[in-house]
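Everything below concerns the one structure shown next.
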Amino acid sequence: MSFHNYQFPGATLQLFAAAEDALQQIPPAFGLAATVAVNPYLGQTGLNRLVAATRLARVAGARMTVPRAQIARWLAEGRITPDDITSAARDGGLAPDVVHAALHRPSPDVPPDPTVADLAAAQSGQDWPALIADRIGLWAGGHFDKGQALWPAPGGSAFVAWRAFAIRDLTPGLHGLRGFCDLAAELPTDARAAYAELTGRLGLTAAAAPLYLHRLAMSLGGWAQYARGLGWADGRKGNHTTLGFEMLVIRLTWEVALLNCFGPDLATLWAQALKDHAAPLTPSLDLRIDLALQEAAERAEERALAEKFAAPKATKEATAPQIQAIFCIDVRSEPYRRALEAADPGVQTRGFAGFFGLPISHRGMATDQREARAPVLLEPALETQIAVDGATDQAKRITQRASRAWGRFKLATVSSFAFVEAAGPLYLAKLFRDAMARAHSHRPDPVPVLDLPIVDRITLAGKVLRAMSLTTDFAPVVLVAGHGAHVTNAPHASALQCGACGGHAGDVNARLLAGLLNDPMVRAGLAQTGIEIPPETRFLAGLHDTVSDELRLFDDGIDAVPPSRLARLQTALAKAGAIARTARAQTLPRADAGADLPRRGHDWSELRPEWGLAGCRAFIVAPRAHSAGCDLRGQAFLHDYDWRLDTDFSTLDLILTAPAVVTSWIALQYHGSATAPQVFGAGNKLLHNVVGGIGVFEGNGGDLRVGLPMQSLHDGQQLYHEPLRLSVVVAAPELAISTVLNRHPPLKDLFDNGWLSLLAMDDLGQITGQYTRAGWIPLHRSQDRVQRIVKAA
């Protein structure tokens, strides 16, 4: 934030710094059009989990741990041993008998530190926090609208726009908050000056400000996160946005209005609350116990993973593959890859981030908008577009404009009533088709085009192939398979798409890479760099629908594949789809058979068309041979990597700083939504109403609900996703892994502070070491069981 043209005293500057720090504690959230998973603990990863849990309990009442009753069930089932709990308790500085005894009583609820609104609610009996959420939500839904509203709200900065709204908002006064409109009118129009005035009226001290402002930002719910998301791209470029700060000033205004209204009694309570906000972060005994139990469960899971890789694997005779299939590392690809390898022994599968090394800004057909089809951590460096003639593009634009006009006519204030009366019966056929979950025909877009000079195309192709560890032994047919999810009536549909493609399907990236590697000029250039692709090798692109487990091939370059080889691929894909559907049907409610799965994607009443990435708990960075034969139950991200081909470990550096971080965001988003659904979850799908085209309300107003809906985590009886930390398993020398961590402190923090675990794998596919802050600890095998050495405190 800039303080230009303002002279603030030193104490006020400290409060500005505290506001900036509080906003950095808030994770970003992105709109429904391109939802990507975000680590809800992003602002706390520099803290160890115990301190972070203490902070989040005080600022949001958020839990970070599995309920004790669930730990007790796992102990009874044998998944966790008493020794796991004992060792975790000792590492946490607790008496083991105290932790064991705590299993039989639930964790007490910890209310967050109070705001003025909380104090006023307790004193008056009026739910002021709910009213504040409702009024801010009403204004923000219009201000941030992305085209859903027929009448757009006036533009301008957030604070200025809200101030104009608040001056005319009579609702607070009708609920007993006298002087609210007058206060809003008295405030300066500059948010910085208003902040200085408001914090002064609250008597906010530098000691209380960090936790209080964080608490206030968390009380804004998804609106603070969405504001952070809007400024995310600017922030990565080193620019600062004031949007989140202005939202914080809006919330401060409500605090001052309540303090003014309720007089001396509230002022006394508020003075004590300021002292509470200034208190240090001291973990309670119950919180320490919960973290110890969480640690015990995670150690048990890590041991089980090591045992799985230690078990003898079925080996097959080493023969040259006839088909290679490159999939996204997404956990939903793992069962399909296993099924494809079982369907045809001549198939070799590989895993790579689903944008396939092409961070693109893509312009589709009949639009001027560009889509970032790349991980949110990367800035799109390439521009692509659909190859289509101007007349076809213009014709589709006209059709889309007519459709939008018709849609607005149906929703307009006057015409909507007459429309329903006159045209309602004409929609019976469509209503019947949708109610019966009939599939709509879908034609793929024309071929996407990447306009790059040939030298750059050769460099790009070589970089991608080396990152895939695929520079020799090419099969006659190589399939590049992106993935997407065909669903209907699903506001969070983009969350089921490819996260590596920015919440879009991976079709465009897959088709671009296949076309790039089929280009004769690119192949000739690659040969000069040591990568020789045989003349008979053809690359094909496909799209794996993760709802139906059908993999559809695109027509691009398909005529160049000999009919016998194409038929073999299609047969293997059909068999794999049937195998994967049958297995996945066992995990979904009301999916009696695999044949039922394609229908779920077209059923507008289906709450769980698929499980998405629920259950994710491991990221394996290793040759496929190390995990082949392991049933990882669709719970592992699989990234191919051969450290022997990575002479300078630059590829390892790239994997650990990009895909590993993205998978951690996914796993931690599921973790946060499962353990603290009221804070980091999106609530119940049955109650969702889309607001502004950017997010959902749970009901008809209030907080913007971000994160994952309940139905994405829960099967109706119990949590389907078990909130345990992600295990990152890397087949590389421990020294090389440590070197990468030391180069990237934020990455190292994820492991040092317990957010993720890091395991090393040897060249035989055995997990042999675990990283700790103090160094690597060997993991030993004893008979048929892998015994984990207790991690140093």
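The values are calculated or read from the model by the stated rules, or taken from the named source; none is laboratory data. Computed from a predicted structure; not experimentally measured. Cβ placement follows ideal geometry from the backbone for every residue including glycine, while neighbour counts extend to all protein chains displayed. What goes into the accessible areas is simple: the full protein's heavy atoms, side chains included, and nothing from ligands, DNA or RNA. Shrake-Rupley method; radii C 1.70, N 1.55, O 1.52, S 1.80 Å.
Applying a threshold of 7 Å to beta carbon distances and a minimum spacing of six or more residues, or different chains, the list of pairs starting in the stretch 597-613 at a residue that is free of Cβ contacts under 8 Å to residues at least 60 places away in the same chain and ending at one that is of a type in the set (Ser, Thr, Tyr) reads 597/548. Scanning the stretch 284-303 for any residue that is at pLDDT below 95, open to solvent by less than 20 Å² (accessible area, probe 1.4 Å) and touching an Asp or Glu at 6+ places or on another chain (Cβ under 7 Å) turns up nothing. Within the stretch 570-604, being surrounded by 13 or more Cβ atoms within 10 Å (Cβ to Cβ), not hydrophobic (A, V, I, L, M, F, W, C) and not in a loop (DSSP other than H, G, I, E, B) holds for 575, 577, 581, 582, 584, 594, 596, 598, 599, 600. Take the conditions (1) surrounded by 22 or more Cβ atoms within 10 Å (Cβ to Cβ); (2) more than 13 Å from residue 327 (Cα to Cα); residue 509 misses just one of them, which is (2). Taking the criterion of being under 19 Å from the mean Cα position of the chain (by Cα) and in a helix (DSSP H, G or I), the residues of the stretch 30-88 that qualify are 32, 33, 34, 42, 43, 44.
Can you say whether residue 97 is open to solvent by 20 Å² or more (accessible area, probe 1.4 Å), outside any loop (DSSP other than H, G, I, E, B) and farther than 19 Å from residue 705 by Cα, as far as the supplied structure shows? Taking the combined requirement at face value, the residue satisfies it. Note on the stretch 644-658: residues that are out of contact with any helix residue (DSSP H, G or I) (no Cβ under 7 Å at 6 or more places or on another chain) and open to solvent by 30 Å² or more (accessible area, probe 1.4 Å) total 5. The requirement of being within 30 Å of residue 105 (Cβ to Cβ) and among the β-branched types (Val, Ile, Thr) is fulfilled somewhere in the stretch 264-284, by at least one residue. The criterion of being under 21 Å from residue 38 (Cα atoms), open to solvent by less than 60 Å² (accessible area, probe 1.4 Å) and touching a Pro at 6+ places or on another chain (Cβ under 6 Å) does not hold for residue 375.
Considering only the stretch 702-714, I want to know if a residue exists there that is touching a strand residue (DSSP E or B) at 6+ places or on another chain (Cβ under 7 Å), open to solvent by less than 10 Å² (accessible area, probe 1.4 Å) and β-branched (Val, Ile, Thr). No, the stretch 702-714 contains no residue that is touching a strand residue (DSSP E or B) at 6+ places or on another chain (Cβ under 7 Å), open to solvent by less than 10 Å² (accessible area, probe 1.4 Å) and β-branched (Val, Ile, Thr).
Any residue that is out of contact with any His (no Cβ under 7 Å at 6 or more places or on another chain), at pLDDT 95 or above and under 22 Å from residue 720 (Cα atoms) - is there at least one of those in the stretch 564-580? Yes, some residue in the stretch 564-580 is out of contact with any His (no Cβ under 7 Å at 6 or more places or on another chain), at pLDDT 95 or above and under 22 Å from residue 720 (Cα atoms). Among the residues of the stretch 238-261, are any out of contact with any His (no Cβ under 9 Å at 6 or more places or on another chain), open to solvent by 50 Å² or more (accessible area, probe 1.4 Å) and within 23 Å of residue 171 (Cα to Cα)? Yes, the conditions are met somewhere in the stretch 238-261. Just one of (1) surrounded by fewer than 20 Cβ atoms within 10 Å (Cβ to Cβ); (2) closer than 19 Å to residue 119 by Cα fails for residue 219. It is (1). Look at the stretch 528-540: where a residue is closer than 12 Å to residue 461 by Cα and a partner is surrounded by fewer than 22 Cβ atoms within 10 Å (Cβ to Cβ) and hydrophobic (A, V, I, L, M, F, W, C), sitting 6+ places away or on another chain with Cβ atoms under 6 Å, you get 531/465; 533/474. The lone criterion from (1) modelled with pLDDT of 95 or more; (2) not in a helix (DSSP H, G or I) left unmet by residue 154 is number (1). Given the criteria basic (Lys, Arg), part of a helix (DSSP H, G or I), within 22 Å of residue 24 (Cα to Cα) and open to solvent by 20 Å² or more (accessible area, probe 1.4 Å), does residue 201 qualify? No: the conditions fail for residue 201. Among the conditions (1) of a type outside the set (Val, Ile, Thr); (2) touching a Pro at 6+ places or on another chain (Cβ under 6 Å); (3) not in a helix (DSSP H, G or I), residue 486 misses just one, which is (2). Return the residues of the stretch 685-740 that are part of a loop (DSSP other than H, G, I, E, B) and charged (D, E, K, R); say none if nothing qualifies. Selection gives 703, 715, 722, 725. Criterion first (farther than 26 Å from residue 502 by Cβ and in contact with a Phe, Trp or Tyr (Cβ under 9 Å, 6 or more places away or on another chain)) does residue 687 satisfy it? Criteria met by residue 687. Residue 502 passes every criterion in (1) of a type outside the set (A, V, I, L, M, F, W, C); (2) crowded, with 22+ Cβ neighbours inside 10 Å; (3) farther than 22 Å from residue 376 by Cα apart from (3). Every condition in (1) open to solvent by less than 20 Å² (accessible area, probe 1.4 Å); (2) aliphatic (A, V, I, L, M); (3) part of a helix (DSSP H, G or I) holds for residue 567 except the one numbered (1).
Conditions tested, residue by residue: (1) touching a Phe, Trp or Tyr at 6+ places or on another chain (Cβ under 6 Å); (2) of a type in the set (A, V, I, L, M, F, W, C); (3) crowded, with 21+ Cβ neighbours inside 10 Å.
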| position | (1), (2), (3) |
| --- | --- |
| 697 | no, yes, yes |
| 716 | no, no, no |
| 727 | no, no, yes |
| 741 | no, yes, no |
| 749 | no, no, no |
| 755 | no, yes, yes |
| 758 | yes, yes, yes |
| 763 | no, no, no |
| 775 | no, no, no |
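The residue that is farthest from residue 216 (Cα to Cα), counting only those in the stretch 172-192 that are aliphatic (A, V, I, L, M) and exposed (fewer than 15 other Cβ atoms within 10 Å of the Cβ), is 174. Checking the stated criteria, residue 661 turns out to be in a helix (DSSP H, G or I), touching a residue at least 60 places away in the same chain (Cβ under 8 Å) and surrounded by fewer than 24 Cβ atoms within 10 Å (Cβ to Cβ). Restricting the first residue to the stretch 747-759 and requiring it to be more than 18 Å from residue 654 (Cα to Cα), which pairs with a second residue that is acidic (Asp, Glu) and surrounded by fewer than 20 Cβ atoms within 10 Å (Cβ to Cβ) meet a Cβ separation below 8 Å and a spacing of at least six or different chains? Qualifying pairs under 8 Å: 755/749. The selection criterion, being surrounded by 16 or more Cβ atoms within 10 Å (Cβ to Cβ) and either modelled with pLDDT of 95 or more or farther than 30 Å from residue 706 by Cβ (or both), holds for residue 23. Scanning the stretch 107-121 turns up no residue that is surrounded by fewer than 17 Cβ atoms within 10 Å (Cβ to Cβ), free of Cβ contacts under 8 Å to residues at least 12 places away in the same chain and part of a loop (DSSP other than H, G, I, E, B).
Scanning the stretch 134-148 for residues that are within 20 Å of residue 404 (Cβ to Cβ) and open to solvent by 40 Å² or more (accessible area, probe 1.4 Å) yields a count of 3.
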